[in-house]
Structure formats: C-alpha cells, structure tokens
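The values are calculated or read from the model by the stated rules, or taken from the named source; none is laboratory data. All values reported here derive from a predicted model rather than from experimental measurement. Quick reminder, even Gly has a Cβ in these numbers, built from the backbone with ideal geometry, and neighbours come from all protein chains shown. Remember, those area values only see protein heavy atoms, side chains included, never the ligands or the DNA or RNA. Shrake-Rupley method; radii C 1.70, N 1.55, O 1.52, S 1.80 Å.
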Amino acid sequence: MRKALRWLLSLVVLIGTVSAAGISTATAAGPAGAGATAADNADIKDRLLAVPGMSLIEEKPYTGYRYFVLNYTQPVDHRHPSKGTFQQRITVLHKDVGRPTVMFTSGYNVSTNPSRSEPTRIVDGNQVSVEYRFFTPSRPQPADWSKLDIWQAASDQHRIYQALKPVYGQNWLTTGGSKGGMTATYYERFYPRDMDGVVAYVAPNDVVNDEDSAYDRFLGNVGPKDCRVALQKVQRETLVRRDALEKKYKEYLAANNYTVNTVGSLDKAYEATVLDLVWGFWQYQPESACADVPDAATVTDQALFDYVDAVGGWSSYADQGLEQYTPYYYQAGTQLGSPDIRQPWLGKLSRYGYQPPRDFVPRSIPMTFQPRAMRDVDTWVRHHATRMLYVYGENDPWGAERFRLGAGARDSYVLTAPHANHGANVAGLDADDKALATSRILAWAGLSGTTAKAPHDAKLDRVDGARKFTLRP
C-alpha cells in the first residue's frame, strides 16, 4: 500500500494514552499475579537473558514496570536456519509473570521508549514488542530481500513466543494497528496455535491488487460532501499551480539536503505528494478539520504549499523520506498490494497517476508480485478465524478493503468505530460494541468476569511521537 499522511507512523493507534509519573528504580510490579512468586519477578532480567540468543541493549526503569530493550538472534531464513542469522530488536515491558502477555508490532520499527497497546492496558499485562524484519537495525547483512515476506516475519514472532512462553506462562494475545494489524493476522494464519486471541486494528486486506474500486467508492462518499469537494478543489489547485509550487518544492528540498533519485524526478515526487492529499486527510484528520480546508480560489501559493505539507508532508517522496520505509514498499510491491485509486476530478492535470510501490524502492532491489499471498490469508480468515477481533474506523480509507468473516469463523468479530479514522480503537466503539470487544479480550486473556484494565498513564499510552508520514498503513 502506498503512503499518505504519515502521522502516527505504524499506527501507534494501539499505543494508547497512559503514563504514570516519573521514573524510579527498576522494580517489578506487585503484587505478583496468580502462580507468580516474588522470585519469578525479582530475577526477570536474568530470566530473559538466560534465553538462548537473547542479549541486552539497555534497561530503562519505569514506575510499576521493568522495561528492557533487547536483541534476539533470528535465522535470516527460517526454512534454512543454518544459512546465517541477524539481530532482531524487541522490547519487554514487564509487569508480572502472573499476568497475561501481549505481543505487539507496528509492522515497522519498534519504539525504544516504554509504551502500552490498548489490549495491554485492558488486560493489565506485560507487553513484548517486536521490530519487523528488515527495518533497521533489524536487517540482515548483506540483505537478501527475498527473505522479507509474511511467512518469515510470522516465523520471527513464533520463535520469540516459543522463547518467552516459559517465562511468561499465562495467556498471550497478539495485536497491532494498520500494518501491525496485518502482521498480527498473518502470524495467526501461519501459527494458529500460538496465541489465545488476536486484536487487529484498521488492518487493510487488499485481496486482489488490481481491483481497487472499493477505495474509489469510499472516497466518493466519506464525510460531508462539501468537505470532499473543498479537498478536491485544493488538490486540483495544487496541480494547476504546479510551476509556482514546484519552485517552492525545489527550494524546500535544497534547504533540507533532500534528493529525489528513487522516484526519479522532482516533478514525480511533487505529484505523488499531491495525489495523496485526499486520502491522507481522511486517514488521519477528524471531520472537524474540514473547517480548516483552505478556499482553493483565494488561498496564496505559500498557504497552499503549507497546507499540503501539513496533511501529507513534502518530505514523503524524497529519498530521505523513503529510505526508512523501503521494507514496507518492497512488501507492498511483492505481497501486500497497494491502492491504485482514480481521482477523476483531476482530469489531465495528473501526469503519472497513483504511482506503484516499485517507484519507491531502489532499482537495485528486485521485486516480483505474488498474487496468491493475500488471497490465501483472506480465505483462511473467512473460514478459520478463531478468537480474532478487527476494529475499523468509519472514515478511514484503509477500511474500504478490510478483513471479513465467513461461516467458518468462531468467536471472531469485525467492529467499526463511528466517525473514527486510522486511529480507531476499542475505546471509540459504540457502547455495546465496546463492551463486547472488552469482554472478549479479557476472556481470551484468561480473565473472564474481571475488569483488569490498568489505570491511565499519559506517557505509557501516548501516541508515540505524533510523527507525520505519508500514506502507508
């Protein structure tokens, strides 16, 4: 999938909203959970480092928890483990070995600051966060890009689970948002016996890569009509004023020492950013932001340039903006698929159309699309999903192609948060859906009949960094 407003990188939608005050000495949370002794928790660092292949990068103390940044030795190729290894970065937010554990991934880099996903908060448990393979520094050297696929990544998670299950013996859930929700789904598809439940947020499901009319229908109906029309006019105007605004773009690139070699030209990078505008707006802006859409007929060049930057980000298609996300674009162009939306209101103002992932990956990296990969996952979810929860946002373009359940699904649900965008979560569901989702998450965690939710902590549950990125899930 492509890029558009990169505002919460890997959909840290899950990385909630909670922080406690201060930093203190590294002590385990107490009292110990069922079946846990003080010794189980007191020597948690030793227990983690006793896992073969596990090494410590650093420990960061946090009140009520212990937090570790670790490296774990993984095979480059799980089918041929003797053919080399790499160090995969993971983090452990340790509360108590007697509590449930949530495995979280954004599908991108892992944050090295303590944070909690929404399910971790709901079950008041531990969290193991995993950096996706090939996102630096978790990249094999030399990089054999053919080993970046959804099965290899799921196998990374499987080995981490097997390594840590003896330490964290209670129930495990897996979760993630956007590409992280996709990752949680793929893990469940390939290793359905590992997890006790899956909570996947705003997970796209591009089953047939060449058929994207669902996105066009969505963008033709989302939000108030006057807002859609105003955005379209702004987008058109940005292309009408291409000559004047490309001068500003050139100055912007030079001032930041940015280059556009991967995309191939300043003009292509400029248009790619502009074509993301409408999608990017609905991906992360609330409906209330419609009031901030400028009047295309009167807006100045500078104000127009600044608005596109605020919604989409002019750095998005510069080499320096693309580099961190090369693994994502590689996967979008080999297995995941990507949207190819039509924007008829642009007419002949668009010279390139929605550019494919191949345009955003260095040509030195070979790519071949595998159309069966997503069809296989979609079929499996429809017929075999068990204890899986999908949460989508009503106004989120990525939800136009979503996971759906068939007759074979068991104890699984697809819920939609009204008026929510790509940051949709359980807390934003209608009351009945919220109660259902919360009760199932607790049940899957082995906490039926309890209300285990951890108190709000503004640091642990904040959206990490509020960084802005282009249209990628």
Practice task
Report the charge-dipole magnitude of the chain in Debye, nearest 20, computed about the Cα centre from +1 at each Lys and Arg Cβ and -1 at each Asp and Glu Cβ.
Solution key: 640
Exercise for the section: Please turn the phi angles of the stretch 359-368 into ³J(HN,Hα) values with the Karplus equation 6.51 cos²θ - 1.76 cosθ + 1.60 (θ = phi - 60°), one per residue in order, whole Hz, x for glycine and proline. Expected result: 6, 10, 10, x, 5, 6, 9, x, 9, 9
Practice task
Would you grab the residues whose amide H sits under 5 Å from the one on Val260? Only those 5+ places off in sequence or on another chain, please, with H modelled 1.01 Å from N.
Solution key: Asp319
Fill in the blank from the handout: Computed for the stretch 37-188: size of charge dipole around the Cα centre, +1 on C-beta of each Lys and Arg, -1 on C-beta of each Asp and Glu, debye to nearest 20, value 120
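So if we plug the beta-carbon distance of Thr73 and Gln324 into 1/(1 + (r/R0)^6) with R0 = 25 Å, what FRET efficiency do we get, rounded to 0.05? If you can, show how the numbers build up before the last one.
Values: r = 23 Å, r/R0 = 0.94.
My answer for the efficiency is 0.60.
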Handout entry: Rounded Å value of the spacing that divides the Cα centres of the stretch 356-382 and the stretch 278-328
Key = 26
Problem - 25 Å Cα-Cα reach of Lys233 towards lysines, excluding residues that sit fewer than 8 places from it in its own chain - result: Lys3, Lys225, Lys247, Lys248, Lys250, Lys268, Lys348, Lys468
Practice task
Skip the ligands, DNA and RNA, and give the accessible area per residue of the stretch 112-213 with a 1.4 Å probe, whole Å².
Solution key: 26
Practice task
Let me know the longest stretch in the chain that avoids all GluC sites (Glu not before Pro) found in a DSSP loop with at most 16 other C-beta atoms within 10 Å.
Solution key: 1-210
Exercise for the section: Calculate one ³J(HN,Hα) per residue across the stretch 339-354 by plugging θ = phi - 60° into the Karplus curve 6.51 cos²θ - 1.76 cosθ + 1.60, and present them in order as whole Hz with x for glycine and proline. Expected result: x, 10, 7, 9, 10, x, 5, 8, x, 8, 5, 8, 8, 10, x, 5
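State in Å² the accessible area per residue of the stretch 304-432; use a 1.4 Å probe, count heavy atoms of protein chains only, and round to the nearest integer. Show your work: numbers first, answer last.
Working: 5240 Å² over 129 residues.
That works out to 41 Å² per residue.
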Handout entry: Solvent-accessible area, 1.4 Å probe, carbon plus sulfur percent, for the chain
Key = 51
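Just to be sure I understand: of the beta bridges DSSP finds with both ends in the chain, what percent are antiparallel, rounded to 5? Mind dumping the intermediate values first?
Working: 23 of 46 bridges.
Antiparallel: roughly 50 percent of the beta bridges in the chain.
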Fill in the blank from the handout: As a percent rounded to 5, the proportion of antiparallel DSSP bridges among beta bridges in the stretch 74-179 is 45
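Round to the nearest 0.05 the FRET efficiency obtained for Asp144 and Lys60 when R0 = 41 Å and r is the Cβ-Cβ distance.
Values: r = 33 Å, r/R0 = 0.80.
Computed FRET efficiency for Asp144 and Lys60 comes out at 0.80.
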Completion exercise
For the stretch 289-297, in residue order, the Karplus 3J(HN,Hα) values (coefficients 6.51, -1.76, 1.60; θ = phi - 60°; whole Hz; Gly and Pro = x) are 6, 4, 5, 9, 5, x, 7, 4, 6
Handout entry: Approximate spin-label separation Ala435-Leu49, in nm, with each point projected 7 Å along Cα-to-Cβ
Key = 4.9
Exercise for the section: Using Cα pairs closer than 8 Å and at least 6 residues apart in sequence, work out the relative contact order for the chain, in percent. Expected result: 25
Exercise for the section: Can you pull the one-decimal nm distance between simple spin-label points at Glu251 and Lys83, each 7 Å off the Cα toward Cβ? Expected result: 5.3
Practice task
Could I have the simple spin-label model distance between Lys453 and Asn261, label points 7 Å from Cα toward Cβ, reported in nm to one decimal?
Solution key: 5.1
Practice task
Take the alpha-carbon centre of the stretch 106-169, take the same for the stretch 392-438, and report the distance between them in whole Å.
Solution key: 24
Problem - Mean residue ellipticity (222 nm) of the chain, computed from DSSP H runs ≥ 4 via -39,500 (n - 2.57), nearest 500 - result: -9000 deg cm²/dmol
